[in-house]
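Trainee: Just dropping this structure here.
The values are calculated or read from the model by the stated rules, or taken from the named source; none is laboratory data. If you're wondering where the values come from, they're calculated on a predicted model, not measured in any experiment. Glycine also receives a Cβ, built like all others from the backbone with ideal geometry; neighbour counts cover every protein chain displayed.
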Amino acid sequence: MSFIAELKRRNVFKVAAAYIIVGWLIMQAGEVMSPALNLPGWVNSMLAFFLILGFPLALVFAWAFEITPEGLKKEKNIDRSQSIAQLTGRKLDFTIIAMLAVALAYFVYEKSISPVVVEPLTDSDTTTEQANQTSIAVLPFADLSPQGDQAYFSDGIAEELLNLLVGVEGLKVASRTSSFSFKGNDLNLSEIAEELKVEHILEGSVRKAGNRVRITAQLIDTATDRHLWSESYDRDLTDIFVIQDEIANAIVAALRSELGLLETATPIVVKADTENIDAYQLYLEARGLFLARQDLQRSIDLFEQAVELDANFARAWEGLGAVFSVAEGWGVAGEKFNERSRVAAQTAIDLDPSLSMAWAVLANVTVELDFDYILPMVQFGQALENDPKNATAWLWRGLHYAKLGFADQAISDFSMCIEIDPSYLNCYRHLARVYMARGETDMALETYLFMLRKGLTVNDYWLIHPLLSRGKIHAAVFLLIELSNGDRKYPINELMQAAESPGADHSAGIAKLDQWLKQQGTDPKWRIDEWIALGAYDRVEPVIDIFQIWLPSSSQFRKSVYFKPLVNQIGLHRFWREYEFPPRCRPIGEEDFECD
């Protein structure tokens with residue numbers, strides 16, 4: 001028998017084919033999951049290395065061993081008349097065909113999905129004008145302090161400069177979320193500029209020791225790699241606002257003198273929000289933790305220390321109100337967060353009505369505490385008038401429009417959020433949810449997939465039904481596992497059955513979910529999706545994020561006796577009567593209504 005024939009007999013070629021197909025699928029899975037799990041780039045490289053290394057080992061294994069009814073044996077010890085290599089070969093054929101089908105399905109699906117294109121909300125003239133604007137990104141400043149423990153301060157100074165440059169007419173500034181995502185990244189400046197679609201980059205460093213600070217900054221034209229301007233400042237900390245003023249105005253001057261840009265830009269004036277430098281440093285650290293959603297209890301403590309040192313520090317009150325408003329949702333133990341948030345935000349507004357975030361926070365807590373949407377829409381309007389580039393205010397107002405049943409307005413606000421800050425992935429998440437509520441399932445899934453590829457994973461139950469309806473059972477199971485936090489006591493099977501047969505009796509699933517929530521110590525009010533899916537409509541509570549009532553899968557809930565009392569309780573009907581009813585609902589007389 002020839003060597004080639006022997007290779008065929010021992011299924012070496014078939015093992016090679018199966019290995020290559022499976023290896024390719026593993027690499028595709030790694031490419032999708034790496035950003036979602038925040039894994040470094042070298043992980044995929046190592047995965048490829050080991051797969052390549054394993055290929056010759058798999059061939060050697062296929063040559064030297066054979067699977068027999070008694071288990072794995074060396075090929076040389078097997079009587080040829082007893083060999084089942086031919087049967088094994090047929091099994092490998094089926095395996096290869098199945099893997100090819102999976103690979104082909106993935107390839108077709110991959111090609112059919114394109115990134116979400118958000119339609120601009122401005123007219124074409126405005127869009128063209130923005131495209132012609134001078135653009136810049138402010139990267140996080142390096143911490144060169146002796147102890148290396150001042151990253152919050154260096155990041156804070158970079159963000160303060162970014163916020164100052166945002167106000168310069170004719171200058172397009174990459175968002176903080178986008179710019180700061182490159183912290184610790186190995187990309188060079190030209191690559192970062194290409195990713196952020198900017199022409200200039202401001203980078204620098206901060207060295208802080210005692211009451212002295214050295215700030216070095218440099219402005220780079222990324223097209224030519226030319227330094228347009230650089231400067232170092234050695235000052236006392238008490239001069240920190242003066243330094244910010246000098247750096248920001250020097251950047252504008254460099255762009256004007258070196259490139260002939262920003263000719264009409266007015267000088268930047270930095271307002272010292274506090275004369276207490278200790279309070280300012282506490283504020284920078286607290287805000288950094290809040291923006292990163294890390295150790296929010298410490299963020300609260302630091303903001304409270306800041307306002308204790310300077311009771312007139314408006315931005316510190318604003319930050320305190322903001323962190324209070326999200327604390328419960330991020331698992332911080334405490335009571336009356338909304339009441340405390342309202343007090344802090346109102347204090348900030350009393351001190352400085354020109355703030356934006358304080359008005360947005362006040363709008364949010366007014367909804368939660370008073371179930372009132374009329375006044376908050378005015379407050380959101382004030383927030384956006386004070387700062388039209390406040391992406392979070394657009395997001396929050398969009399969430400309230402979604403809950404009120406106005407999908408078009410919600411999509412408009414979420415789209416504006418993305419236009420301002422393309423890296424604000426939470427805006428994509430809620431945009432996907434509203435697409436789903438509007439019945440645009442394919443668009444919802446495309447948007448969700450885009451968000452997943454960018455690195456944001458969420459455990460949204462609303463995805464289960466569309467996944468199952470498209471035969472993606474494994475994806476639905478995986479998502480349910482995510483919802484369960486890996487706990488096998490979570491009612492995965494019951495929820496799968498509920499999604500497939502919504503009209504059936506799901507009392508067993510309700511009992512199992514109840515038991516699981518008690519074990520987890522989770523407040524049942526946050527599990528709206530599951531209660532509606534299981535038909536436990538009496539368990540649906542009026543929480544702030546209750547858009548689920550408008551999903552196609554909630555049609556039976558909207559027909560139940562529990563829907564109208566909930567809508568009245570959370571103030572939706574009152575808003576509709578004051579302004580207008582959403583497309584899905586209509587008034588009946590002067591006090592009643594109905595919804596599809």
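Trainee: Go over the candidates Ala292, Ala322, Ala314 one by one and state the one that is in contact with a Leu (Cβ under 6 Å, 6 or more places away or on another chain), closer than 18 Å to Glu159 by Cβ and hydrophobic (A, V, I, L, M, F, W, C). So that I can check it myself, show each step before the final result.
Mentor: Details: Ala292 fails: in contact with a Leu (Cβ under 6 Å, 6 or more places away or on another chain); Ala322 fails: in contact with a Leu (Cβ under 6 Å, 6 or more places away or on another chain).
Matching residue, one of Ala292, Ala322, Ala314: Ala314.
Trainee: Out of the residues in region 410-439 meeting the condition of being polar (S, T, N, Q) and more than 26 Å from Ser555 (Cβ to Cβ), tell me which one is nearest to the chain's Cα centre (by Cα). Give the derivation first.
Mentor: Quick first cut of region 410-439, residues polar (S, T, N, Q) only: 412, 415, 423, 426.
If we keep only those that are more than 26 Å from Ser555 (Cβ to Cβ) too, we end up with 415, 423, 426.
Details: Ser415: 14, Ser423: 8, Asn426: 4 Å.
For region 410-439, the residue satisfying everything is Asn426.
Trainee: With (1) part of a strand (DSSP E or B); (2) of a type outside the set (A, V, I, L, M); (3) closer than 21 Å to Val270 by Cβ as the list, and His227 as the residue in question, which single condition is left unmet?
Mentor: Single failed check for His227: (3).
Trainee: Would you confirm, using the coordinates I've provided, whether Leu302 is in the same structural domain as Tyr283 (by TED's automatic domain parsing), surrounded by 20 or more Cβ atoms within 10 Å (Cβ to Cβ) and farther than 27 Å from Asp523 by Cα?
Mentor: Criteria met by Leu302.
Trainee: Still on this structure: Could you check how many residues of region 126-152 are at pLDDT below 85 and of a type in the set (A, V, I, L, M)?
Mentor: Selection size over region 126-152: 1.
Trainee: Another question, then. Take the conditions over 23 Å from the mean Cα position of the chain (by Cα), assigned to a helix (DSSP H, G or I), buried (at least 16 other Cβ atoms within 10 Å of the Cβ) and hydrophobic (A, V, I, L, M, F, W, C) and apply them to Ile251. Does it pass?
Mentor: Taking the combined requirement at face value, the residue satisfies it.
Trainee: Please list, ordered by first then second residue, the pairs with beta carbon atoms under 6 Å, 6 or more apart or interchain, first in region 168-192 and free of Cβ contacts under 8 Å to residues at least 60 places away in the same chain, second among the aromatic types (Phe, Trp, Tyr) and part of a strand (DSSP E or B).
Mentor: Listed pairs, sorted by first residue: none to list.
Trainee: So, one more: What tally of residues in region 291-342 results from selecting those that are acidic (Asp, Glu), more than 27 Å from Ser178 (Cβ to Cβ) and under 23 Å from the mean Cα position of the chain (by Cα)?
Mentor: Residues flagged as acidic (Asp, Glu), more than 27 Å from Ser178 (Cβ to Cβ) and under 23 Å from the mean Cα position of the chain (by Cα) within region 291-342 amount to 1.
Trainee: Now, a different point. For region 189-229, which residues satisfy the criterion of being in contact with a helix residue (DSSP H, G or I) (Cβ under 8 Å, 6 or more places away or on another chain) and among the hydroxyl-bearing types (Ser, Thr, Tyr)?
Mentor: The answer is Ser205, Thr222.
Trainee: OK, next. Can you name the number of the only condition in (1) touching a residue at least 60 places away in the same chain (Cβ under 8 Å); (2) buried (at least 23 other Cβ atoms within 10 Å of the Cβ); (3) among the aromatic types (Phe, Trp, Tyr) that Tyr401 fails?
Mentor: (1) is the only condition that Tyr401 fails.
Trainee: For Asp352, all conditions in the list (1) surrounded by 23 or more Cβ atoms within 10 Å (Cβ to Cβ); (2) within 17 Å of Arg287 (Cβ to Cβ) hold save one; what is the number of the exception?
Mentor: Result: Asp352 passes all but (1).
Trainee: Let me ask another. Please pick out the residue among Glu328, Glu335, Glu318 that is touching a Phe, Trp or Tyr at 6+ places or on another chain (Cβ under 6 Å) and within 21 Å of Leu289 (Cα to Cα).
Mentor: Glu328
Trainee: If you don't mind, another one. Only one of (1) more than 21 Å from Leu164 (Cα to Cα); (2) of a type outside the set (Asp, Glu); (3) free of Cβ contacts under 8 Å to residues at least 24 places away in the same chain is not met by Gly260, so which one is it?
Mentor: Tallying (1) more than 21 Å from Leu164 (Cα to Cα); (2) of a type outside the set (Asp, Glu); (3) free of Cβ contacts under 8 Å to residues at least 24 places away in the same chain, Gly260 fails exactly one: (1).
Trainee: Tell me the residue from Glu263, Glu308 that is surrounded by fewer than 22 Cβ atoms within 10 Å (Cβ to Cβ), of a type in the set (D, E, K, R), at pLDDT 85 or above and out of contact with any Gly (no Cβ under 7 Å at 6 or more places or on another chain), please.
Mentor: After applying the criteria, what remains is Glu308.
Results for (1) surrounded by 14 or more Cβ atoms within 10 Å (Cβ to Cβ); (2) among the β-branched types (Val, Ile, Thr); (3) within 34 Å of the chain's Cα centre (by Cα), shown as yes or no for each residue.
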site	(1), (2), (3)
Leu187	no, no, yes
Ala193	yes, no, yes
Glu199	yes, no, yes
Asn211	no, no, no
Ser230	yes, no, no
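Trainee: Any idea how many residues of region 566-596 are within 33 Å of the chain's Cα centre (by Cα), assigned to a helix (DSSP H, G or I) and either without any contact (Cβ under 8 Å) to a residue 60 or more places away in the chain or assigned by TED's automatic domain parsing to the domain that holds Ala410 (or both)? Full working, then the answer.
Mentor: Kept after step one, since they are within 33 Å of the chain's Cα centre (by Cα), are these residues of region 566-596: 566-576, 579-585, 595-596.
Of the ones still in play, those that are also assigned to a helix (DSSP H, G or I) are 566-569, 572-576.
In the following step, the residues that additionally are either without any contact (Cβ under 8 Å) to a residue 60 or more places away in the chain or assigned by TED's automatic domain parsing to the domain that holds Ala410 (or both) were identified as 566-568, 573.
Total meeting the criteria: 4.
Trainee: Applying the selection to region 463-475, what residues are over 21 Å from Ser555 (Cβ atoms) and either outside any helix (DSSP H, G or I) or modelled with pLDDT of 85 or more (or both)?
Mentor: Passing the criteria: Gly471, Lys472.
Trainee: Which of the residues belonging to region 429-462 are closer than 24 Å to Tyr373 by Cβ and either of a type outside the set (A, V, I, L, M) or not in a helix (DSSP H, G or I) (or both)?
Mentor: Within region 429-462, Arg429, His430, Arg433, Tyr435, Arg438, Gly439, Asp460, Trp462 qualify.
Trainee: Oh, and also: (1) exposed (fewer than 14 other Cβ atoms within 10 Å of the Cβ); (2) not in a loop (DSSP other than H, G, I, E, B): which one isn't true of Ser553, the others all being true?
Mentor: Going through the list (1) exposed (fewer than 14 other Cβ atoms within 10 Å of the Cβ); (2) not in a loop (DSSP other than H, G, I, E, B), Ser553 breaks only (1).
Trainee: Do you know which of the residues in region 500-545 that are aromatic (Phe, Trp, Tyr) and over 23 Å from Val332 (Cβ atoms) is nearest to the chain's Cα centre (by Cα)?
Mentor: Among residues in region 500-545 that are aromatic (Phe, Trp, Tyr) and over 23 Å from Val332 (Cβ atoms), the one nearest to the chain's Cα centre (by Cα) is Trp531.
Trainee: What are the residues in region 169-184 that are surrounded by fewer than 21 Cβ atoms within 10 Å (Cβ to Cβ) and assigned to a loop (DSSP other than H, G, I, E, B), if any?
Mentor: Once the filter is applied, which keeps residues that are surrounded by fewer than 21 Cβ atoms within 10 Å (Cβ to Cβ) and assigned to a loop (DSSP other than H, G, I, E, B), region 169-184 yields Glu169, Gly170, Ser175, Ser181, Phe182, Lys183, Gly184.
Trainee: Which is aromatic (Phe, Trp, Tyr) and touching an Asp or Glu at 6+ places or on another chain (Cβ under 7 Å), of Tyr579, Tyr562, Tyr537?
Mentor: Criteria check complete, one pass: Tyr562.
Trainee: Can I ask one more? What about Arg287, is it of a type in the set (Lys, Arg) and surrounded by 15 or more Cβ atoms within 10 Å (Cβ to Cβ)?
Mentor: Here the answer is yes, as Arg287 does meet what is asked.
Trainee: So, Ala272, is that one surrounded by fewer than 19 Cβ atoms within 10 Å (Cβ to Cβ), in contact (Cβ under 8 Å) with a residue 24 or more places away in the chain, out of contact with any Asp or Glu (no Cβ under 6 Å at 6 or more places or on another chain) and of a type in the set (A, V, I, L, M) or not? Break it down into steps so the answer makes sense when it comes.
Mentor: Details: surrounded by fewer than 19 Cβ atoms within 10 Å (Cβ to Cβ): yes; in contact (Cβ under 8 Å) with a residue 24 or more places away in the chain: yes; out of contact with any Asp or Glu (no Cβ under 6 Å at 6 or more places or on another chain): yes; of a type in the set (A, V, I, L, M): yes.
Spelling it out, Ala272 is indeed surrounded by fewer than 19 Cβ atoms within 10 Å (Cβ to Cβ), in contact (Cβ under 8 Å) with a residue 24 or more places away in the chain, out of contact with any Asp or Glu (no Cβ under 6 Å at 6 or more places or on another chain) and of a type in the set (A, V, I, L, M).
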